[in-house]
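Novice: Structure in structure tokens, see below.
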Amino acid sequence: MSRSYRHGSNQAATVVAVAADVMAVILGLWILFALLDANRANDLVTVVHDAASWLASWSHDLFTMDTDWLRTVLNYGLPAVVYLFIGHAIAGRLRRG
């Protein structure tokens, strides 16, 4: 196998891992903003909330706890963990393959 071919798969693995990390950071930021009761009129908070809502759209109301902070942590934390797990598993597979 040529050296450039293997280098290309490592680059693809790095891109996948970084994308998964960025998605998890966005979700983690929203959890932090929500727990700290950040000003939702702030542009940064709005952008992070919109991105996190889109990334976690498949898990909205998956958990319906009475406590707001726990519901936020579970409904946005689960997608963060899933993206990290799947993204890094794919990246590892690309590095081996």
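Novice: Looking only at the stretch 58-93, count every residue that is under 19 Å from residue 26 (Cβ atoms) and either open to solvent by less than 70 Å² (accessible area, probe 1.4 Å) or among the basic types (Lys, Arg) (or both) and tell me the total.
Specialist: 16
Novice: Another question about this same structure. Condition first: at pLDDT 95 or above, of a type in the set (Val, Ile, Thr) and out of contact with any Asp or Glu (no Cβ under 7 Å at 6 or more places or on another chain). Can you find one or more residues in the stretch 55-67 that meet it?
Specialist: No; the residues of the stretch 55-67 include none that is at pLDDT 95 or above, of a type in the set (Val, Ile, Thr) and out of contact with any Asp or Glu (no Cβ under 7 Å at 6 or more places or on another chain).
The values are calculated or read from the model by the stated rules, or taken from the named source; none is laboratory data. If you're wondering where the values come from, they're calculated on a predicted model, not measured in any experiment. Every residue, glycine among them, receives a Cβ derived from its backbone with ideal geometry; neighbour counts consider all protein chains shown. When the accessible area is computed, the model is the full protein with side chains, heavy atoms only, and any ligands, DNA or RNA have been set aside. Shrake-Rupley method; radii C 1.70, N 1.55, O 1.52, S 1.80 Å.
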